Structure formats: C-alpha cells, structure tokens
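Remarks on the structure that follows.
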Amino acid sequence: MSRNRQTSGKRTGTDRRSSRIHRRVKEMAAQGLVEDQIALRLGSDKNQLRRRYIDSIKAGRDAKAAEKAEAEAAELSKSEQARLDAIKKSFDSCWYSKETGNLILAALTALRKRSNGASRPTAAADGSQRG
C-alpha cells in the first residue's frame, strides 16, 4: 500500500539565500574566524552552523591554508634572492680577481690540500706492508 505524498513543489537546494550564507561562511572561515565568531555573526548556534555549513567551513579553512602556503613559498624565494645578492656582492668585492678567482676560496683550497696530504698515513709510515 503506497501513499501519495504532497510536496510543496520546490526543488531542494535551490534556495538562493542558502547559497549566499554558504558563501559568507566560507569567506569568514577563510579570513580566519572560528566557528563561534561565525555563528555569532550569522545569529545562529555553533552546533547548527557545523551541521548545516561544515563543507563551507572546511572549504574556507582550506583556502586559508592554501593562501598561507603560497605566502610561505613567496617568503622562501625572498630568502633565496637574498642569498643570490650576497653571492653577487662577493664577486664585486676586493677579494675577487678575474685572473685568480676568489682569493679566499683559493687559500682555503690550498689549506685543505695541505691538511689532507699530511693527515693520511702512508703504508711505509704505518709499518705494515700488504702483499
């Protein structure tokens, strides 16, 4: 036995007011407002806000996180730019010569070669012979 149900004739999910509220909730969450503040501004309860607009809240938080990640990526490029400027300035310093290159680097390389050569024991100095 089936019963005929009467409907209001409205399609669900077509309420324009609802889409505006979803958009507002998403924007407020993207601005960094917490659920209590959003509920207060909309004049509703926090639990009701979570129940009806959780997808909009999550989308707003994701947008905020993406914006923050983009800002951090831009910050990294600023630090890389600072490093590049430091390298360029080193070529303009008095320690760089076109003929010999970087005088400080050449001195460090010579010191490393000396220290590596002196610190390696030879087979004859070791006293042990393989063979």
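A short reminder: the numbers here are calculations on the coordinates, not readings from a lab. This one's a predicted model, so the numbers in the text were calculated from it and none came from an experiment. Cβ atoms come from the backbone with ideal geometry, glycine included; neighbour counts cover every protein chain shown.
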Residue pairs within 8 Å by beta carbon, gap of at least six or interchain, first lying in the stretch 19-34 and in a helix (DSSP H, G or I), second of a type in the set (Asp, Glu), listed first then second, are 22/55; 30/67
Please work out if residue 46 is in contact (Cβ under 8 Å) with a residue 12 or more places away in the chain and surrounded by 14 or more Cβ atoms within 10 Å (Cβ to Cβ).
no
Counting only residues in the stretch 45-83 that are aliphatic (A, V, I, L, M) and within 17 Å of the chain's Cα centre (by Cα), the one nearest to residue 19 (Cα to Cα) is identified as 63
